[in-house]
Structure formats: structure tokens, C-alpha cells
Amino acid sequence: MVKSDMDSGGKSAARKTIFHDLLTNDPDAGWVVPPIGEIQDEATAMLGAAADTTGHAMNYATIEITSDPMKYKRLSAELKKAFPDPNAKLDYLTLEKLPYFVCL
């Protein structure tokens, strides 16, 4: 997708990603675009690393919060105040403004 965007002049990308750099020759730096298969391998490795790291962080946070009744109570109160409807979607902009949620 990034490659086809770049081949068409790169006008459709909302922002530049690491793949834009990987797909751009830079002879002054000694960079030559690798074969697509190698870039796909890099993408798979990055996604795997990100998912694994995020999964471990979420697991640790869940255990920490649920094993400490005071943390659990304080976080629950903050979330219930910010999202009184238990069926509402949690949006990032609201979550990042919650002081206790952010510090955990």
C-alpha cells in the first residue's frame, strides 16, 4: 500500500511512516531499498514486537490494578465519572485526560 502510494507520487498518505523511509533510496547514506520480501519481514517483526509488548504491559497492568483494592476502587471511580454510561465506547481523548488512569 505504501509502495503503490509512493509510486503514484505519495499524495494520498496522511503522514510519513517508517516504510516511506525504507522505500526511498539514499545513496549518500549508503541506503539501497531492499527487496519487498525483506521489507515484509521487517513489518511482520515490528507488528509482532509491538503486539507482544503491548500484551505484556496490559497483562501486568491488569494484575497490578485488580490485586490492589485501593487502586481498583480509585481507577473504577475515575472511569465511572468520565464514562457514566457503561455501554459507551472509551475514547482516547477522554482517557488521556484522566490523571489516575494515565499515571497507572
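The values are calculated or read from the model by the stated rules, or taken from the named source; none is laboratory data. These numbers were taken from a predicted model, which means no experiment stands behind them. Here the Cβ is made from the backbone with ideal geometry for all residues, glycine too, and neighbour counts use every protein chain on show.
Closer than 30 Å to Ser4 by Cβ and either loosely packed, with under 10 Cβ neighbours inside 10 Å or at pLDDT below 90 (or both) - does that describe any residue in region 59-74?
Checked against the condition, which is being closer than 30 Å to Ser4 by Cβ and either loosely packed, with under 10 Cβ neighbours inside 10 Å or at pLDDT below 90 (or both), region 59-74 yields no hits at all.
Considering only region 73-95, state which residues are assigned to a loop (DSSP other than H, G, I, E, B) and closer than 19 Å to Thr62 by Cβ.
Scanning region 73-95 gives Phe83, Pro86, Leu90.
Against the conditions (1) surrounded by 11 or more Cβ atoms within 10 Å (Cβ to Cβ); (2) without any contact (Cβ under 8 Å) to a residue 12 or more places away in the chain; (3) not polar (S, T, N, Q), where does Ala51 fall short? Just the number, please.
Only one criterion is unmet by Ala51, namely (1).
Just to be sure before I move on: is Glu78 without any contact (Cβ under 8 Å) to a residue 12 or more places away in the chain and acidic (Asp, Glu) in the structure I sent? Steps first, please.
Values: without any contact (Cβ under 8 Å) to a residue 12 or more places away in the chain: no; acidic (Asp, Glu): yes.
So Glu78 does not fit the description; no.
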